[in-house]
Amino acid sequence: MPFRAPDYYAIEELLTDEERQVRDTTRRFVDEEFMPRIVESYRAGTFPNELIPRIAELGLFGPTLPEEYGCAGVSSVAYGLICQELERGDSGLRSFASVQSSLVMYPIWAFGSDEHKKSWLPRLAKGEAIGCFGLTEPDFGSNPSGMRTTARRADGGFVLDGVKRWITNGNLADVAVVWARLEDQIHGFLVETDRPGFTAEEMHGKLSLRASVTSELFLENVWIPAENHLPGSGRMKAPLSCLSNARYGISWGALGAAMSCYDTALEYAKGRVMFSRPIAGYQLVQRKLVEMITEITKGQLLALRLGRLKDAGKVRPEQISMAKMNNVSKALAIAREARDILGGNGIMDEYPIMRHMVNLETVNTYEGTEDVHRLIIGKDITGFDAFGA
Amino acid sequence: MKIMVCIKQVPHQDARLDVNGAGTWIQEENIKFEINPYDQNALEAALQLKDKEAGTEVVVVSIGPERVTQSLRTALGMGADRAVHVKDGAADGSDSLGTAKILAAVAKAESPDLIFAGFMSDDGNLAATGPMLATLLGIPHTTTAVSFQKNGAIQVERELEGGALEVVELNTPCLVTTQTGMNQVRYASLKGIMAAKKKPIDVKTVADLGLAGQVGADAAKIKIEKLYTPPKGQGAEILSGSVDEVVGKLVGKIKELGLL
């Protein structure tokens, strides 16, 4: 069965022609080129690297950045729709594109020098170079400002020391955007991964997001020239703004995974006969399906409004937190309900549901856990900071 | 070289189709449309020629309401240079001949060296417009192309019944209708989509083309009397039971009807 995108509230009408086209191009790529590969990739625990040039050719890396750097300059809503379609394929595919676009190309564009932009952005857009983002550390996840990685001035440049963990694409990367403490402020540095003292080790044993490479980065006395410092960085706000962009994409991406689960469960329920009629005809199953489509519709409206605010330059990080928290959490619940509707078949990789379900466990945790976003919004509405000390 | 590609916007292959209240056409509200799949191959054939021959201009032409703009933008995003949109209520209800007359008027103004059109449309399935258009223009045509080459003249392989292929050669200007699967239709890349926003769509009315009163529902020689879904169950019998029982019953039926 081809995928039928749920659109209960005719949200299609709220999109521009260009946004619809961008969505359709991404959808077709996912259906024709990604879906035939995902089950094998997932089983093998690898990302389908052979698709990187195709993803780049279509313009899906750094799509919101300007044309002068080889990018398309599409709207944030179009970027959201790209994330939605990629994650309908698999959260690992969306993660790959999110990291390259929001966590590598965006900081180079926002905080880098003209030289950085000219030298890296076109190559990253073409997929000739892959990037990763080193912020999280083994002991600092939800509180990145406590990081231990340091930078010190030496020999006309900087020397970096520290360990970064949970780094998507770490082993594939040509360049790492590394965040480190320099004179008690958090700064960003571009570290070419072939520099002496830099090593990346792939993390094995993941039961979630298997079609995505996750690594640990070790920086031991890595010297980089002074010009590798991102001149616009120097406060915690810089890495957090990258996360805001990535979280925004995730709020759309999770909808894609939820749509895939809902569509699969709906078709299955209409065809699966039990006690003489399709299970879609039973009240308990209908209730589940109705809750699923209702949450998807609410999530679509949340994401679309958030995207319009972002395009108007009015979005606040706390608003992004709400969409990330809600949409991923609801997508996870939808995946579990869909698994239940499919019964035993729901655990097989012939259907996408169990894969989405376990992927969403990661997505609910990374880029700010569900609870961290709850506390960000809590602080915003009450004025009281409920984080830690 | 100038190539004109005729495209029709039809309901998306995955769209849910319901008959409208009058029972004469489908309910078009809230359904998704796309470029007729046969026309997508026609467009791809034109774009491949453009990739090969520098200076080739590809003009896409479509008839229909405002929503057709979406399909024209998609075609421009894939690489067509400009579009002509005949947007006029007076064209509604045209039969194949009316459609061909409108396209012929556009073609006369454009003077293309080559015209591509899909072999038929996914909704009407008439396969008449292309040949009618060529006839009105007085140019040679061929249909159901599965491959296409241009070495001076145009060489086309066309699909016949029983899996046979026929090779024909045409001089330009000429018209070729395309079969699905003749080529791998490209995607509109994001850069292509953004570039398409700046490409021109020339909007025309039936009167602009000098066809007032000659096309549309009143001029049509063919009218749809009734559109309906055939009632279910007639002439079909569903066999039930275990596999062995069903096979036994089926063999019995075949014998009973004297089909063996």
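Looking at region B:39-52, which of its residues are open to solvent by less than 50 Å² (accessible area, probe 1.4 Å) and more than 14 Å from chain A (Cβ to nearest Cβ)?
Within region B:39-52, B:D39, B:N41, B:A42, B:L43, B:A45, B:A46, B:L47, B:L49 meet the criteria.
Wholly within region B:61-155, which strands (runs of 3 or more DSSP E) include no fewer than the required count, namely at least 1 residues that are at positive phi?
B:141-151
Going through region B:26-52 one residue at a time, which ones are in a loop (DSSP other than H, G, I, E, B) and either touching a strand residue (DSSP E or B) at 6+ places or on another chain (Cβ under 8 Å) or closer than 20 Å to B:A104 by Cα (or both)? Explain how you work it out, then say what you get.
Start the filter on region B:26-52 by keeping residues that are in a loop (DSSP other than H, G, I, E, B), which leaves B:27-32, B:36.
Answer for region B:26-52, where residues must be in a loop (DSSP other than H, G, I, E, B) and either touching a strand residue (DSSP E or B) at 6+ places or on another chain (Cβ under 8 Å) or closer than 20 Å to B:A104 by Cα (or both): B:Q27, B:E28, B:I31, B:K32, B:N36.
If I ask for residues that are closer than 18 Å to A:T168 by Cα and crowded, with 23+ Cβ neighbours inside 10 Å, which ones from region A:49-65 would you list?
Hits for region A:49-65 are A:L60, A:F61, A:G62.
For A:A312, which of the numbered conditions (1) closer than 27 Å to A:S241 by Cβ; (2) in contact with a helix residue (DSSP H, G or I) (Cβ under 7 Å, 6 or more places away or on another chain) fails to hold?
(2)
Answer yes if at least one residue in region A:89-100 is out of contact with any strand residue (DSSP E or B) (no Cβ under 9 Å at 6 or more places or on another chain), over 23 Å from A:P239 (Cα atoms) and surrounded by 24 or more Cβ atoms within 10 Å (Cβ to Cβ), and no otherwise.
yes
Inside region B:210-235, can you point out the residues that are of a type in the set (D, E, K, R) and over 32 Å from the mean Cα position of the chain (by Cα)?
Result: no residue meets the conditions.
Conditions (1) polar (S, T, N, Q); (2) surrounded by fewer than 18 Cβ atoms within 10 Å (Cβ to Cβ), marked per residue:
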residue	(1), (2)
A:A312	no, yes
A:I320	no, no
A:K330	no, no
A:H356	no, no
A:T362	yes, no
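What single numbered condition from (1) part of a helix (DSSP H, G or I); (2) modelled with pLDDT of 95 or more fails to hold for A:L219?
Against the list (1) part of a helix (DSSP H, G or I); (2) modelled with pLDDT of 95 or more, A:L219 comes up short only on (1).
Can you tell me which residue among B:G77, B:G55 is more than 30 Å from B:T229 (Cα to Cα), within 14 Å of chain A (Cβ to nearest Cβ) and out of contact with any Ser or Thr (no Cβ under 7 Å at 6 or more places or on another chain)? Don't jump to the end; show me each part of the working.
Values: B:G55 fails: within 14 Å of chain A (Cβ to nearest Cβ).
Selected residue: B:G77, the only one of B:G77, B:G55 that is more than 30 Å from B:T229 (Cα to Cα), within 14 Å of chain A (Cβ to nearest Cβ) and out of contact with any Ser or Thr (no Cβ under 7 Å at 6 or more places or on another chain).
Being open to solvent by less than 20 Å² (accessible area, probe 1.4 Å), more than 22 Å from B:I139 (Cβ to Cβ) and touching a Pro at 6+ places or on another chain (Cβ under 9 Å) is true for just one of B:V10, B:V68, B:V59. Which residue is that?
Every option except B:V10 fails the conditions.
What tally of residues in region B:16-38 results from selecting those that are open to solvent by less than 40 Å² (accessible area, probe 1.4 Å) and among the β-branched types (V, I, T)?
Counting residues in region B:16-38 that are open to solvent by less than 40 Å² (accessible area, probe 1.4 Å) and among the β-branched types (V, I, T) gives 3.
Considering each residue of region B:21-38, count those that are away from chain A (no Cβ under 14 Å), in contact (Cβ under 8 Å) with a residue 24 or more places away in the chain and not hydrophobic (A, V, I, L, M, F, W, C), and give that number.
Qualifying residue count, region B:21-38: 4.
Looking for whichever is of a type in the set (A, V, I, L, M) and free of Cβ contacts under 8 Å to residues at least 40 places away in the same chain here; the options are A:V285, A:V290. Which one fits? Can you show your working first?
Numbers: A:V285 fails: free of Cβ contacts under 8 Å to residues at least 40 places away in the same chain.
Exactly one of A:V285, A:V290 is of a type in the set (A, V, I, L, M) and free of Cβ contacts under 8 Å to residues at least 40 places away in the same chain, namely A:V290.
Just name the residue that is surrounded by the most Cβ atoms within 10 Å (Cβ to Cβ) out of those in region A:169-200 that are polar (S, T, N, Q) and either more than 14 Å from A:N228 (Cα to Cα) or free of Cβ contacts under 8 Å to residues at least 12 places away in the same chain (or both).
Ranking the qualifying residues of region A:169-200, first place goes to A:N169.
Pick from region A:23-43 the residues that are surrounded by fewer than 17 Cβ atoms within 10 Å (Cβ to Cβ) and under 17 Å from A:I82 (Cβ atoms): which of them is nearest to the other protein chains (Cβ to nearest Cβ)?
Here the answer is A:R28.
Checking A:Y9 against (1) more than 10 Å from chain B (Cβ to nearest Cβ); (2) within 29 Å of A:Y351 (Cβ to Cβ); (3) under 21 Å from the mean Cα position of the chain (by Cα), which test does it fail?
Just one mismatch for A:Y9, condition (3).
Can you give me the number of residues within region B:181-195 that are more than 7 Å from every other protein chain (Cβ to nearest Cβ) and either surrounded by fewer than 19 Cβ atoms within 10 Å (Cβ to Cβ) or closer than 26 Å to B:F119 by Cα (or both)?
Within region B:181-195, residues that are more than 7 Å from every other protein chain (Cβ to nearest Cβ) and either surrounded by fewer than 19 Cβ atoms within 10 Å (Cβ to Cβ) or closer than 26 Å to B:F119 by Cα (or both) number 7.
Check off (1) open to solvent by 50 Å² or more (accessible area, probe 1.4 Å); (2) within 24 Å of the chain's Cα centre (by Cα); (3) within 14 Å of chain A (Cβ to nearest Cβ) for B:I238 and give me the number that stays unchecked.
Failed condition: (2).
Specify the residue that is farthest from the other protein chains (Cβ to nearest Cβ); the eligible residues are those in region A:12-22 that are in contact (Cβ under 8 Å) with a residue 40 or more places away in the chain and open to solvent by 40 Å² or more (accessible area, probe 1.4 Å).
Applying the filter and picking the extreme gives A:L14.
Pairs, please: C-beta under 9 Å, at least 6 apart or cross-chain, first residue of a type in the set (D, E) and in region B:227-238, second modelled with pLDDT of 80 or more?
B:E237/B:K253
Looking at A:T46 and the list (1) in a helix (DSSP H, G or I); (2) under 14 Å from A:F96 (Cβ atoms); (3) open to solvent by 10 Å² or more (accessible area, probe 1.4 Å), which single condition is not satisfied?
That leaves (1) as the condition not met.
How many residues does region A:66-83 hold that are more than 11 Å from every other protein chain (Cβ to nearest Cβ) and open to solvent by 10 Å² or more (accessible area, probe 1.4 Å)?
Of the residues in region A:66-83, 3 are more than 11 Å from every other protein chain (Cβ to nearest Cβ) and open to solvent by 10 Å² or more (accessible area, probe 1.4 Å).
The values are calculated or read from the model by the stated rules, or taken from the named source; none is laboratory data. Note that the coordinates shown come from a computational prediction; the quantities given were computed from them, not determined experimentally. With ideal geometry, Cβ positions are generated from the backbone for all residues, glycine too; neighbour counts draw on all protein chains shown. With ligands, DNA and RNA removed, areas are computed over all heavy atoms of the protein, side chains included. Shrake-Rupley method; radii C 1.70, N 1.55, O 1.52, S 1.80 Å.
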